[in-house]
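All remarks here apply to the structure that follows.
Every number in this text was worked out from the coordinates using simple rules, so none of it is lab data. Predicted model, so just to flag it, every value in this text is computed and none were measured. Cβ coordinates were reconstructed from backbone atoms using ideal geometry, including for glycine residues, and neighbour counts include every protein chain displayed.
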Amino acid sequence: MSLELCVLASGSSGNCSVVRTPTGVMLLDAGIGPRLVSRRLTGTGVQVSDVSAICLTHLDSDHFAPVWVNHIIRLGIAVHCHVRCVDTLMEIAENRLLASFIRPFDNSRFTPLPEITATPIALAHDEEGCHAFVLEGFGQRLGYATDLGHVPDPLVEHFIDLDVLALESNYDPLMQERSPRPIFLKRRITGGRGHLSNQQALDAIRRMLDRAERRAMPLPAHIVLLHRSRQCNCPKLVRELFSKDHRIAPRLVLAEAFSRSEWLSAANRPIAAGEQLALSWG
């Protein structure tokens with residue numbers, strides 16, 4: 001075992017992924033409650049009681065569920081959130097005991113688990129912003145970014161030489177435009193501080209893969225698309241769009257809102273792109 005990612009839930013109804021390492025288990029976001037996390041973990045070899053850290057991208061309700069507070073205190077889970085979010089997190093928690101378990105980070109690297117380094121990357125999302133993470137340890141690197149209105153250059157620079165690349169691909173522009181959503185919500189989502197469209201995500205991933213190839217670095221074992229809108233996106237559209245790039249197609253994983261992924265790591269890297277392309281997209 002090295003760094004392994006399992007997406008338990010991804011979407012507006014809740015976001016939570018589990019990372020398993022030789023030195024412990026952590027969550028990336030906790031937007032679904034402990035009971036549901038426990039059910040989704042069935043068959044993974046991991047239990048809620050194994051979790052020793054939570055890294056929060058931001059504090060929207062679909063990324064942190066307050067029902068976690070008592071479990072955090074009872075199990076002694078360290079909660080890593082950006083320093084500017086600490087006061088808001090305490091207000092959400094309504095429990096002063098949580099303060100002892102909060103581990104604020106700024107723009108510097110931090111250590112959520114022994115021998116695991118997390119590099120936060122600031123993203124534009126609504127008023128408060130959000131953070132992506134690159135997790136590194138035991139010879140592997142994992143990049144995780146969701147809820148970003150656009151792709152900043154630092155994210156592309158950091159998301160290189162990854163074993164697992166997880167990036168938001170939230171909406172199809174035409175479906176968004178035709179949806180019954182109110183105008184203000186459409187503008188929020190598409191205005192550069194909301195979410196990424198499928199094409200924006202594809203363009204970003206291509207930039208990342210191009211940079212890796214120019215530097216003779218290996219491509220990710222898996223490319224995971226996060227936070228797909230149920231109302232304004234479609235798995236078929238996503239697969240058709242991303243399969244146009246032969247480098248992405250064999251590595252593509254669509255995260256789901258109501259079911260977990262498999263464990264994803266370099267250890268279960270797919271076979272060569274040309275061979276897998278014929279199998280998966282023929």
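About its Cα centre, region 81-139 has a charge dipole of approximately 240 debye under the convention of +1 per Lys or Arg Cβ and -1 per Asp or Glu Cβ, with nothing else charged. Over region 168-271, the hull volume per residue, using the convex hull of the C-alpha atoms, is 111 Å³. One equal scatterer on each Cα of region 87-214, no solvent, Debye formula: the resulting log10 I(q)/I(0) at q = 0.11, 0.13, 0.19 Å⁻¹ is -0.49, -0.66, -1.10.
Peptides 201-208, 53-60 ordered by packing proxy, namely the average of other Cβ atoms within 10 Å per residue, highest first: 53-60, 201-208.
No solvent, one uniform scatterer per C-alpha: report log10 I(q)/I(0) for region 140-203 via the Debye equation at q = 0.22, 0.27, 0.30 1/Å, two decimals. Values returned for q = 0.22, 0.27, 0.30 Å⁻¹ are -0.88, -1.16, -1.33. Were the residues from Asp203 through Leu174 laid out at 0.36 nm apart, the gain over their Cα-Cα distance would be 8.7 nm.
With kT/(6 pi eta Rh) evaluated at 25 °C and eta = 0.890 mPa s, and Rh the Kirkwood radius from Cα pairs, region 4-281 diffuses with a coefficient of 130 µm²/s according to Stokes-Einstein.
Of all the options Glu136, Glu157, Glu94, the one that moves most in a Gaussian network model of the chain with Cα springs shorter than 10 angstrom is Glu94. Only DSSP H runs of four or more residues enter the estimate; each adds -39500 (n - 2.57), and after division by the residues of the chain the mean residue ellipticity at 222 nm equals -7500 deg cm²/dmol. Amide H contacts of Ile102 (H built 1.01 Å from N, in plane; Pro and chain starts excluded): Val79 sit under 5 Å, all sequence-distant by 5 or more or on other chains.
Dipole size of region 4-281 about its Cα centre, with +1 on Lys/Arg Cβ and -1 on Asp/Glu Cβ: approximately 520 debye, rounded to the nearest 20. Between amide H atoms placed 1.01 Å from N, distances below 5 Å from Cys130 occur with Leu123, His125, all of them 5 or more places distant or on a separate chain. Report note on the peptides 252-263, 3-14: ranked by the mean count of other C-beta atoms within 10 Å, highest first, their order is 3-14, 252-263. For the chain, what is the percent of antiparallel DSSP beta bridges, rounded to the nearest 5? For the chain, the DSSP antiparallel bridge percentage is about 50. Here the label points at Met90 and Thr42, each 7 Å from Cα along the C-beta direction, are separated by 4.0 nm in the simple model. Among 74-87, 110-123, the peptide with the highest mean count of other Cβ atoms within 10 Å heads the list, and the full ranking is 110-123, 74-87.
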